[in-house]
Amino acid sequence: MNSPESKVTNASLFDRACELIPGGVNSPVRAFRSVGGGTPYFVESGKGAFVVDVEGRKYLDYVQSYGASIHGHAHDDVVEAIISAARKGSTFGAPTPNEVVLAQLLIDRVPGCEMIRLCSSGTEATMSALRVARGFTGRNKIVKFDGCYHGHSDGLLAGAGSGLASLSLPDSAGVSPSSIADTMVFEYNTVPTLDESVAAVIVEPVAANMNLVLPVAGFLEGLRAECDRVGALLIFDEVITGFRVGFGGASKHFGVTPDLWCFGKVIGGGLPIGAFGGRGEVMSKLAPIGPVYQAGTLSGNPVATAAGIAALSLLDESSYLMLAGRSKALGEGLSKVFSDVGVNVVVSVFESLLGLFFLDTAPRNYSESKVSGDSGLYSIFFREMLRRGVAFAPGAYEVIFPSLAHSWDDIEWTVDIASAAAGEVAKHIEKRSKS
Ligand SMILES: Cc1ncc(COP(=O)(O)O)c(C=O)c1O
Ligand SMILES: N[C@H](C=O)CCC(=O)O
């Protein structure tokens, strides 16, 4: 693929992809449109903290499949698990032992989560969690928060973050008004007053799709209390935070127990997976034992569950300590290089999630985060990093994901590179102020 004769380049692939695939990508954020356009790099392979593109260029990767690859790319144990599971057959449409093992691993690690159902993506997990919440409560309304992203199901494409935020789309064409008529959107970090029509409140306990916005003290507790007051269910969307911000995810970290959890990413070891779970009496509403229908041909897929089991089995308390330590050092390094060139930034760090804001103070909600997104400065930083070999996500509302494969040297090198990139951002600000 990389031989001179074949002349496969990022540009040639992207040209071809654009003819065959809308925008040339299978998920909009990958197209670089929100960081000024141009040609995305096409990954040929990845190992540990690095990816290599089809032109042979190597990048230190902080995308890590938007947080799915907590061990870095192609960890030997995960690869072995995938190969040996695939040899035994990749899908059967019948239950397999690994489903039980993965469900047990999840339940053991998340206090309060009593039953789990596996599906194939985070989108399916949140969509299904809402359906079971409606089935359990007999109510229709749901509450979400501006800038939180819960996948691309119709009812959740209102005030959504991530790719929608960076494309400046308030919501999506093709979503009928009736699909979002029962969705109420509130500002993150403000506890809304609910009434008895609300089936569920869904929230990212640490918001990682409007860049990184942390919950203020009392927000998650307040949501719990307000849900209890009106009999609504609280759903934590831990598709990003689950098994990334600690052994038991964000609910354990904050000591707030939701009624339902949604998982994805890390629990599939890099293969497509999702899961939702919660209290037994709620989950028992699901077919075939209850009236709420939810299904999937590939749900509980034996290869994905094998990868997930391998990935989760490699994690212990020390992994999280190590990851948090390196993330903290990266955050401090990034803050320093910007401060050295006189550019005000806030680097938020929560365990192994990092957010970089061109602001004076850490934002508490999407409107405040948007001031940084709208400044256009992230795009410059992103491009300057990328051309020096460090890949951050191509969107100002995504977060930085260090993995367990990022060494201290990698962190140090990133900070060195960032020093040069920050200098370019400073020059741009100066030029802009003169024009
Ligand atoms: C918090 C959150 N929920 C849900 C999703 C949807 O997951 P998926 O992309 O696997 O459908 C994502 C990411 O895409 C996410 O970040
Ligand atoms: N922010 C999204 C998920 O976490 C990014 C994934 C995507 O939209 O492709």
Neighbour-count order for ILE400, ILE429, ILE267, fewest beta carbons within 10 angstrom listed first: ILE429, ILE400, ILE267
Please work out the Cα convex hull volume for the stretch 302-380 and give it in Å³ per residue. 135 Å³
In Å, descending, principal axis extents of the Cα set of the stretch 360-435: 40, 30, 20
Report D for the stretch 21-157 in µm² per second (integer): Stokes-Einstein, Kirkwood Rh on Cα pairs, 25 °C, 0.890 mPa s. 131 µm²/s
In order over the stretch 147-154: 3J(HN,Hα) from phi, Karplus 6.51/-1.76/1.60, θ = phi - 60°, whole Hz, x for each Gly or Pro, gives x, 7, 10, 10, x, 10, 6, 3
Take the Cα gyration tensor of the stretch 1-101, multiply each eigenvalue by 5, square-root it, and list the three semi-axes largest first, rounded to whole angstrom. 30, 17, 16
GNM on the chain, C-alpha springs below 10 Å: top fluctuator among ARG87, ARG244, ARG30? ARG87
So for SER251, SER369, SER379, SER197, fewest C-beta neighbours within 10 Å to most, what's the order? SER197, SER379, SER251, SER369
Can you give me the orientation-averaged projected area of the convex hull built on the Cα atoms of the stretch 97-229, in nm²? 9.1 nm²
Gap in Å between the Cα centre of the stretch 198-213 and the Cα centre of the stretch 390-430? 25 Å
Let me spell out the model: positive unit charges on the Cβ of Lys and Arg, negative unit charges on the Cβ of Asp and Glu, origin at the Cα centre of the stretch 76-313. What dipole size does that give, in debye rounded to 20? 380 debye
Counting only residues 5 or more apart in sequence or on a different chain, those whose built amide H sits under 5 Å from that of MET210 are SER162
Quick one: putting +1 on the C-beta of Lys and Arg, -1 on the C-beta of Asp and Glu, what dipole do you get for the stretch 281-435 around its Cα centre, in Debye to the nearest 20? 560 debye
How far, in degrees from 0 to 90, does helix 317-340 lean away from the longest principal axis of the Cα atoms of the chain, to the nearest 10? 40 degrees
Using Cβ counts within 10 Å as a stand-in for footprinting exposure, how do MET385, MET115, MET210 rank, fewest first? MET115, MET385, MET210
Mind checking the angle between helix 10-20 and the chain's longest principal axis? C-alpha axes, 0 to 90 degrees, to the nearest 10. 40 degrees
Give LYS336/LYS431; LYS88/LYS252; LYS47/LYS370; LYS7/LYS427 a once-over and call out the pairs whose C-alpha atoms are over 32 Å from each other. LYS88/LYS252; LYS47/LYS370; LYS7/LYS427
The chain: radius of gyration over Cα atoms, expressed as a fraction of 2.2 N^0.38 Å: 0.96
Where only C-alpha atoms are counted, convex hull volume of the stretch 220-374 per residue in Å³: 158 Å³
Helix axis angle, 97-109 relative to the chain longest principal axis, alpha carbon, degrees: 80 degrees
Towards the positive end of the charge dipole of the stretch 221-319, with charges on Cβ (+1 Lys, Arg; -1 Asp, Glu), say which of GLY248, PHE236, ASN301 has the farthest Cα. ASN301
Mind checking which lysines have their Cα closer than 19 Å to the Cα of LYS285? Skip sequence neighbours fewer than 8 apart in that chain. LYS141
Show me the three semi-axes of the equivalent ellipsoid for the stretch 76-313, from the C-alpha gyration tensor (sqrt of 5 times each eigenvalue), largest first, rounded to whole Å. 28, 19, 18
What size of dipole, in debye to the nearest 20, comes out for the chain about its Cα centre when the only charges are +1 on Lys and Arg C-beta atoms and -1 on Asp and Glu C-beta atoms? 500 debye
Value at 222 nm in deg cm²/dmol, rounded to 500, when DSSP H runs of n ≥ 4 in the chain each add -39,500 (n - 2.57): -11500 deg cm²/dmol
Any idea what the relative contact order of the chain is, in percent, if you count C-alpha pairs under 8 Å spaced at least 6 apart? 22 percent
If I build a Gaussian network model for the chain, linking alpha-carbon pairs within less than 10 angstrom, which residue out of SER45, SER348, SER327 has the largest mean-square fluctuation? SER45
Need one number: nm distance between label points at SER179 and SER435, each 7 Å from Cα along Cα→Cβ, rounded to one decimal. 3.9 nm
Mind checking which of GLY249, GLY296, GLY155 has the largest fluctuation in a GNM of the chain, springs on alpha carbons under 10 Å? GLY296
Protection proxy ranking, peptides 88-94, 286-292, average beta carbon neighbours within 10 Å, highest first: 286-292, 88-94
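Laboratory data are not the source of any read-out in this text; all were calculated from the coordinates shown. Note that the structure is predicted; figures quoted are calculated from it, not measured. Glycine gets a Cβ as well: all are built from the backbone with ideal geometry, and neighbour counts include every protein chain shown.
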